[in-house]
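Working notes, beginning with the structure itself.
The values are calculated or read from the model by the stated rules, or taken from the named source; none is laboratory data. Worth saying up front: this structure is predicted, and the values here are computed from it rather than measured. A quick note on method: Cβ atoms are made from the backbone with ideal geometry, for glycine too, and the neighbour counts reach across all protein chains shown.
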Amino acid sequence: MKKFKLSKRLQKLPPYLFAEIDRQKKELKEKGIDFIDLSIGDPDILAPQSVVRGLYNCAKIKENQKYSLDQGKESLRRAIKNWFYERFNVNLDEDKEILPLIGSKEGLVHFPLAFVNNNEYIIIPNPSYPGYRGAAIFSGAKIYELPLFKKNHFLPELDKIPLSIRNKAKIIYINYPNNPTTVVAPFDFLENLVKFCTKYGIILVYDNAYSEIYFEEKPHSVLEVDGAREIAIEFHSFSKTFCMTGFRIGWAAGNQNLIKGLLKVKTNIDSGIFGAIQDAATLALEKEKKYVENLRKVFKERRDVFIEGLHNKGFNDAIAQATFYVWVKLPPKIRSSIEFVKKLMQEKRIIATAGIGFGKYGEGFVRFALTVEVEVLKKALLIL
Ligand SMILES: Cc1ncc(COP(=O)(O)O)c(C=O)c1O
């Protein structure tokens with residue numbers, strides 16, 4: 001059989017972190033070995049009942065069984081507008097500043113295709129959600145890695161980006177509440193970020209997928225900052241807020257030219273989001289405020305139990321400010337996060353994610369996802 005060579009573009013992509021973890025889990029399952037999975041950010045909690053019912057009922061509507069508008073239904077865009085206004089006090093134009101997506105990942109990864117030419121620079125944080133690297137490689141961009149250090153509370157030092165990069169970078173990806181480090185960005189950081197992007201003409205792609213999974217201070221939208229709507233596009237997700245990961249729906253909001261560019265890419269790639277999913281998502285935004293409040297309570301309890309348990313096991317340096325992850329600094333005697341998680345899987349049957357999987361500055365850390373019930377977390381802590 002002829003062996004077709006992957007494109008240079010695809011050869012550059014590292015194996016997708018969670019695909020690799022999935023492969024390892026499958027191997028354990030095939031051998032009939034039980035394990036506790038604290039690796040991937042897929043909540044174990046059911047989506048709201050009303051949303052599931054809505055999906056079922058709306059799937060029966062003929063219009064929903066046809067191609068849907070690329071721009072998304074007006075009813076959904078209006079629900080997003082209202083939600084955004086209530087949550088962030090930002091009044092968006094639902095026709096020009098909001099675009100529903102097939103999950104935020106879809107938009108985050110397609111976005112540079114609209115604005116970046118070969119060999120132009122995209123700045124991505126390190127460690128970070130792996131999607132940004134893929135996005136940069138697909139668009140033919142060069143990557144500048146922006147380290148996130150614990151000593152800076154995992155906020156990037158924008159003034160350390162060399163002038164030569166600032167002047168030619170097209171896009172910067174920023175994500176708070178942050179995966180994997182869990183931290184929330186203070187408002188003055190967002191103000192500086194907007195100033196920085198405005199000064200150097202860099203598009204700000206702000207990933208706010210975890211905006212509703214917080215325990216103390218409420219995360220902001222970058223669109224609250226004066227001037228942000230000139231240079232920023234922000235991404236939101238139904239996956240984390242309403243545990244709708246499998247539904248595949250999210251949205252982008254922000255500068256109208258940036259939204260228009262992304263829409264042009266999408267029009268040429270997909271043909272809209274299943275109408276019933278859009279209707280279900282509309283229901284979630286309009287009717288399920290209590291659900292999200294309760295979700296925060298559930299994750300807070302898990303977080304508190306897990307952090308205390310980690311302390312008792314000698315992992316004193318664990319952070320879980322927001323999101324449903326815990327980012328744990330490994331003791332200095334543990335040299336490699338990959339070796340640590342391998343051992344954890346082989347000896348304790350617990351699956352976690354090695355920090356280095358999120359980029360080289362993630363080395364020395366491990367990420368646990370609190371996507372199992374408290375009882376299971378307690379069991380994990382006993383054997384850890
Ligand atoms: C930081 C971040 N952004 C975006 C996503 C993508 O979410 P979705 O495509 O399900 O909306 C994830 C998923 O884990 C994430 O962690």
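Does the range 322-345 contain any residue that is hydroxyl-bearing (Ser, Thr, Tyr), within 30 Å of Val52 (Cα to Cα) and over 18 Å from the mean Cα position of the chain (by Cα)? No; the residues of the range 322-345 include none that is hydroxyl-bearing (Ser, Thr, Tyr), within 30 Å of Val52 (Cα to Cα) and over 18 Å from the mean Cα position of the chain (by Cα). Residue-level check: of (1) in contact with a strand residue (DSSP E or B) (Cβ under 8 Å, 6 or more places away or on another chain); (2) outside any loop (DSSP other than H, G, I, E, B), Thr181 misses just (2). Quickly run through the range 166-184 and pick out the residues that are closer than 18 Å to Cys197 by Cα and either crowded, with 16+ Cβ neighbours inside 10 Å or in contact (Cβ under 8 Å) with a residue 60 or more places away in the chain (or both). Result: Arg166, Ala169, Lys170, Ile171, Ile172, Tyr173, Ile174, Asn175, Tyr176.
On the stretch given as the range 193-241, residues that are within 11 Å of the ligand (Cβ to nearest atom), closer than 18 Å to Lys290 by Cα and not small (Gly, Ala, Ser) total 5. Would you point out the residue of the range 357-384, among those that are under 28 Å from Pro125 (Cα atoms) and free of Cβ contacts under 8 Å to residues at least 60 places away in the same chain, that is surrounded by the most Cβ atoms within 10 Å (Cβ to Cβ)? Only one residue fits best here, namely Val366. Only one of the listed residues (Lys96, Lys142) is over 17 Å from Arg166 (Cα atoms), over 19 Å from the mean Cα position of the chain (by Cα) and assigned by TED's automatic domain parsing to the domain that holds Asn175. That residue is Lys96. Filtering the range 303-334 to residues that are outside any loop (DSSP other than H, G, I, E, B) and of a type in the set (D, E, K, R) leaves Arg303, Asp304, Glu308, Lys329.
Just a yes or no: is a residue in the range 104-114 within 16 Å of the ligand (Cβ to nearest atom) and of a type in the set (D, E, K, R)? If you could, list the steps in order and put the result at the bottom.
Start the filter on the range 104-114 by keeping residues that are within 16 Å of the ligand (Cβ to nearest atom), which leaves 104-112.
Those left that are additionally of a type in the set (D, E, K, R): 105-106.
Looking through the range 104-114, at least one residue is within 16 Å of the ligand (Cβ to nearest atom) and of a type in the set (D, E, K, R).
Highlighted here are the helices (runs of 4 or more DSSP H) found entirely within the range 14-129 that include at least 2 residues which are surrounded by fewer than 16 Cβ atoms within 10 Å (Cβ to Cβ): 17-30, 49-59, 74-88.
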